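First the structure, in the form of C-alpha cells, and then the observations on it.
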Amino acid sequence: MVFWKRLFNNPDLSTTDQTSEFDHELVEVKGQSAGQSRIFFSREREIDLYELEELCDAVGWARRPLRKVKRALTYSFMVVSAWEVKGKQRRLIGFARATSDHAFNATIWDVVIHPKFQSKGLGKAMMKYMIHQLRGEDISNITLFADPHVIDFYRRLGFVLDPEGIKGMFWYPD
Ligand SMILES: CC(C)(COP(=O)(O)OP(=O)(O)OC[C@H]1O[C@@H](n2cnc3c(N)ncnc32)[C@H](O)[C@@H]1OP(=O)(O)O)[C@@H](O)C(=O)NCCC(=O)NCCS
C-alpha cells in the first residue's frame, strides 16, 4: 500500500516510462494515459477480490470461488496488476500472476486486460514488465498455457510453441 500512498500524496512521483528499467514496484506506463488518467503497473498483492472478479467477468471468464482466488494470489510467486488512476481514484484494468519454484522456473497465469484498454499495447507492456520482474528474480525458464486465440499475442513476446517438440500434458479428474 505504501507505493499508492506515496503516489496519491505526490502525483509527480512516478516518472518511469515504458522503455526504462522497471526497477520500482509502481511504474507509470507512459504513452497510455489520456486526459486526467494515468496508467501504472504494480507488484502490490493487496488486490480487491471483487474488483478482480469484475475484471475477469469483463472478458467472459468463468467465475471461481473467491476463497480459492485469494489463496492463489497469496501463494503466487508474483502478482502484477495494471491500474488506471484518475485523481484520487484507481481502477484495476489488468492482471497477471506467476507461480514459481523460486529458482529456475516460473509459469504465468490469468493474463487479462480490461476490454476498454485492449489493443493499445497495454497487454504487451504488462507482459514485458512481468518478464523483466521475473528475470530480476533470476528466473530463466518462463512458461505459460496459451488459449488458442492468443497464441500469436504470446509469440510476439518471444514465447515459443512446443520448443524441441516438448508438449504440455494435463491430468484432469474423471
Ligand atoms: C490477450 C490480451 C491480454 C492482450 O492484451 P492487449 O492489451 O489487447 O494486447 P496488446 O494491445 O498489447 O497487443 C500486443 C500485440 O499482440 C497482438 N495481439 C493482441 N491480442 C491478440 C490476439 N488475441 N491474437 C493475436 N495477436 C494479438 C496485437 O496485435 C499486438 O501486436 P503488435 O505488437 O504487432 O502491434 C487481452 O486481449 C485479453 O485480456 N484478452 C482476454 C483474456 C485472455 O484471453 N487472456 C489470455 C489467456 S491465455
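The values are calculated or read from the model by the stated rules, or taken from the named source; none is laboratory data. If you're wondering where the values come from, they're calculated on a predicted model, not measured in any experiment. For neighbour counting, all protein chains shown are included, and Cβ atoms are generated from backbone atoms with ideal geometry for every residue, glycine included. Accessible surface is based on the protein model in full, side chains and every heavy atom, while ligands, DNA and RNA are left aside. Shrake-Rupley method; radii C 1.70, N 1.55, O 1.52, S 1.80 Å.
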Carbon + sulfur, % of accessible area of segment 64-155 - ligands and nucleic acids excluded, 1.4 Å | 50
Starting at the first residue of segment 117-131, write each ³J(HN,Hα) from the Karplus equation 6.51 cos²θ - 1.76 cosθ + 1.60 with θ = phi - 60°, in whole Hz, x for Gly and Pro.
-> 10, 6, 6, 10, x, 6, x, 4, 5, 5, 5, 5, 4, 5, 4
Compute the signed sum of charges (Lys and Arg +1, Asp and Glu -1) over the other residues within less than 13 Å, Cβ to Cβ, of ALA103.
-> -3
Inter-label distance for GLU54 and ARG71, nm, one decimal - labels placed 7 Å from Cα along Cα-to-Cβ | 2.7
Segment 47-82: chymotrypsin sites (Phe, Trp or Tyr not before Pro) in DSSP loop, at most 14 other beta carbons within 10 Å | TRP61
Given a Förster distance of 30 angstrom, what is the FRET efficiency for ARG64 paired with ASN105, based on the Cβ-Cβ distance and rounded to 0.05?
-> 0.80
Quickly work out the LYS167-to-HIS149 label distance, labels modelled 7 Å from Cα along the C-beta direction, and quote it in nm with one decimal.
-> 2.5
